[in-house]
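Asker: Before I ask anything, let me first share the structure, which is written out below as structure tokens.
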Amino acid sequence: MSYAFLRTAAAAGLVLVLAACGGEATESATGGDAASGSTIKVGLLHSLSGTMAISEVTVRDAELLAIEEINAAGGVLGKKLEPVVEDGASDWPTFAEKANKLISQDKVATVFGGWTSASRKAMLPVFERHKALLWYPVQYEGLESSPYIFYTGATTNQQIIPGLDYLKEQGKTKIFLVGSDYVFPRTANKIIKAYAAANGMTVLGEEYTPLGHTEYSTLTNKVVQAKPDAVFNTLNGDSNVAFFKQLKSAGVTAESMPVLSVSVAEEEVTGIGIDNIVGHPVAWNYYQTTENAANSKFVAAFKAKYGAAKVTSDPMEAGYNAVYLWAEAAKKAGTVEVEAVKKASGGIALERPEGLVTIDGETQHMYKTARIGIIQPDGLIKEVWNSGEPIKPDPYLKTYPWAGSLAS
């Protein structure tokens, strides 16, 4: 599946939406219809089927938990939240089509959804045309901002760059890049190569496979033959299961060749198999083991609702946070009307399971603490480094001289 194909697929999703709207732009979504009854409708749009379901189902579950908790505490503006759940089916045009349905037919006040950058980019023109709000919960490649998207996961300077700094400090200067063939990995690796050139690191190889790919013997042989100090992994979805199994079969261990992942969290570790990935590093902003009172309460509530064996992870925590952040902005605004919520959001700060999270009103990204962790034999992740305080979001990497040409 080529990058060009995915861009075309995202565009196809927009065509479907335009056709559904009679080919014309619709009136802006104000949130008024969503709050006109006894409840406030909110949309949840994630892949509940297909290759990305391994990651996205649990984000949906965390958002439902947040809605349940908010309703138990009295709701928003005196009304209970009513979730309208849709399946993006790991298909970018479907995400655009379902986003249009939630806004135009269901009249939701806001949408929480997406995982891949391809899904987000397919939805972006839908939300901008309708002037509706999307809360996107997953770390991404940066180099983007939209007045109608709030980004509650990390941007590049809060995850990828700290991950590279960690590898550099560990003396890992020769790296191999492995990723899925779509927007996030390709843009992330463009940034990684610029970082490497400015920081005395060498990129020995760069390989991409389609989402859902399962045959990695040829790729793992290339990695082994290149003899990198470390691999930077931007594979997404269930491809990670096959990749780590076949990497282990090729004799690679975390000690001989650490694989730093930015899309593998506790939920994915379970699917991959702990024995296949134990000891490898990951870069995130939250782990189930993060120590604070808010996280202890969150983990206990999630397990009580979904089962003691369930784990929590960064993207689901960011989705959980998104519901609370939107609710706080709506309460501050005194309405769920989109422009009022946007205006009220800047500077809102909440203690969340990951620690203090603050909305940056200029970029609609979050201040977030960066964390590096190592996957443990019990499948959980032990934090070995953090940034000490929340990092101001810099989606266009304006504060990095070596990144000057990336946004062009």
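Asker: So for ILE381, ILE274, ILE67, fewest C-beta neighbours within 10 Å to most, what's the order?
Answerer: ILE274, ILE67, ILE381
Asker: Also, quick follow-up: For all pairs of alpha-carbon atoms in segment 218-375, what percent lies in each bin of width 5 Å, listed from the first bin to the last filled one?
Answerer: 1, 8, 16, 17, 14, 13, 11, 8, 6, 3, 2, 0, 0
Asker: What does the helix-only formula give at 222 nm for the chain: each DSSP H stretch with n ≥ 4 adding -39500 (n - 2.57), the total divided by the residues, and the result rounded to the nearest 500 deg cm²/dmol?
Answerer: -12500 deg cm²/dmol
Asker: Return the label of the correct value of percent of Cα pairs over 31 Å apart, as calculated from the structure shown, out of [x] 40; [y] 34; [z] 43.
Answerer: Entry [y].
Asker: Sticking with this structure for a sec: Out of THR173, THR220, TYR286, whose Cα points farthest toward the positive end of the dipole of the chain (charges: +1 Lys, Arg; -1 Asp, Glu; placed on Cβ)?
Answerer: THR173
Asker: Additional query: Could you give the dipole magnitude of the chain about its Cα centre, charging the beta-carbon of Lys and Arg +1 and that of Asp and Glu -1, in debye to the nearest 20? Before the final figure, lay out the partial values.
Answerer: On the way: 36 positive and 44 negative charges, 81 e Å.
Using only the charged Cβ atoms, the result is roughly 380 debye.
Asker: Moving on. Assigning unit charges at the beta carbon (Lys, Arg +1; Asp, Glu -1) and nothing else, what dipole magnitude in debye, to the nearest 20, does segment 265-308 show about its Cα centre?
Answerer: Here segment 265-308 has a charge dipole of around 280 debye.
Asker: Right, next: Would you calculate the convex hull of the Cα atoms in segment 145-203 and tell me its volume per residue in Å³?
Answerer: 93 Å³
Asker: For each of SER145, SER90, count neighbouring Cβ atoms within 10 Å of the residue's Cβ, then give the residues from fewest to most. The partial results should precede the final answer.
Answerer: Working: SER145 15, SER90 27.
Final ranking by Cβ density, sparse to dense: SER145, SER90.
Asker: So which DSSP H runs in the chain come out at 24 Å plus along the axis (Cα) with average Kyte-Doolittle of at least -0.5?
Answerer: 3-20, 53-72, 314-333
Coordinate-derived values only; no laboratory data. Just so you know, these numbers come straight off a predicted model, no measurement behind them. Quick reminder, even Gly has a Cβ in these numbers, built from the backbone with ideal geometry, and neighbours come from all protein chains shown.
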